[in-house]
Ligand SMILES: [Zn+2]
């Protein structure tokens, strides 16, 4: 679908911004041989995308990874440090705060859309997505996510729809687009109501349709590892895939394992290269629930996949690797706090540090899974048993206990109950506080390494990100 043409004025402005950025950052531009007009074009583009991650999340990933895993965090320590680093504003058309569909649409098409829209501009036009442009340029395309494959981000990077919620028509569009690699959750809208977990009302089996088009199908980790072909459909859950903290490694592959399989498939029969989007949705989901332990594990899992992308790039230097997010989720704010409310003295204060990180490490269940296990009516003894077993060392204060038992929220913008309340229990003892259960407009970081990376330097708008990708893809 051909999108609206960018106004000549915006192209000129874009060029001027790029030129200005190059003048200000001579080292970055000189390393690629000169002006914006001679930006190197990558053969392959890998977009590593952690939904809901902004600088505070990345730094928490770096800190926790160094302290607990004794490992460097490739996102900050390699991509941000050795590559090009930019900051990006996130607003949609209209309000200040974006949803994931509008944010990804801007990053995919270069146009602002309204919250909830999937690469459809406010005047109702379908804007050309990154994956549509890549396909038109003869590149192979792939999408990997821990969400459903038709969730807001992979959808906005590839297809066009008025609403992100129309799951069945979104899946139909994915079949029509036929990405060479498609992996994640969401089998329910690929299968008819008669099949286990199926929700399609038209009786169609879209997994069978992909198989008929020559795709290899993988439904668990073992099957994924045995895939050898150039076209893969991976369907690992009926709905979203699990949080890393709860993940059954035999049933659901890790983000890194999916990335390995995607790169193996996409680099076959690929004279013009490929564009791959790898999304970790758990960072956003953990943010919505104010779940610091799940966030930590999700960031580590995502970073393991970044390491896979960087290793591919070492062997294929004509590859551009971009690491970014679309918006911040949760108003994440590690800080200090009082041990007890009995004294406001600074001697009664603790500052979040290593021992608090170790408390997060001992948590063995996501707050979503805790909510599922507790059910709607929560007896006090079931709650205590679950906390003792999976949240060792945490105490639930009387005010929070009351909210959990009665299914109530503390504030009007904390809508996940009891997850946000239990998240507050964790915050009180670790200092890992959250400002909201929604999204915030904190600018997100964009790290880029490889040919074309210099375009992403500086303080830019999310539409610039899309414009740069279209320029690098070339059609
Ligand atoms: Zn979100």
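Computed from the coordinates by the stated procedures, all read-outs in this text should not be read as laboratory data. Not measured: the values here are computed from a predicted model. Here the Cβ positions follow ideal geometry from the backbone for every residue, glycine too, while neighbour counts run over all protein chains shown.
Just a few scattered comments:
- One chain, two ends: residue 364 and residue 248. Fully extended at 0.36 nm per residue, the span grows by 40.5 nm beyond their Cα-Cα distance.
- Rg over Rh [alpha-carbon atoms, Kirkwood Rh] for segment 37-157: 1.01
- Residue 163/residue 341 FRET efficiency (R0 45 Å; Cβ-Cβ; nearest 0.05): 0.50
- Using a Förster distance of 56 Å, the FRET efficiency for residue 348-residue 41 (Cβ separation, nearest 0.05): 0.45
- Among beta bridges from DSSP that stay inside the chain, the antiparallel ones total about 35%.
- Rounded tilt (10° steps) of 292-315 against the dominant C-alpha axis of the chain: 30 degrees
- With viscosity 0.890 mPa s and temperature 25 °C, the Kirkwood radius over alpha carbon pairs of the chain converts through Stokes-Einstein to a diffusion coefficient of 107 µm²/s.
- Relative protection proxy for 172-181, 242-251, 56-65, from highest mean packing down: 56-65, 172-181, 242-251 (other beta-carbon atoms within 10 angstrom).
- Zone of residue 219's modelled label, taken as backbone nitrogen in segment 175-204 under 19 Å from a point 7 Å along Cα→Cβ: 182-201, 203-204
- Estimated 222 nm signal from helices in the chain, with DSSP H stretches of n ≥ 4 weighted -39500 (n - 2.57), rounded to 500: -11500 deg cm²/dmol
- For the chain, the longest principal axis of the alpha carbon atoms and the long axis of helix 380-390 meet at an angle near 60°.
- Taking the longest Cα principal axis of the chain as reference, the axis of helix 55-64 is set at about 60 degrees.
- Between residue 373 and residue 68, the C-beta separation translates, for a Förster distance of 22 Å, into a calculated FRET efficiency of about 0.30.
- Each of the peptides 102-112, 231-241 was scored by the mean count of other Cβ atoms within 10 Å over its residues; in descending order, highest first, they stand as 102-112, 231-241.
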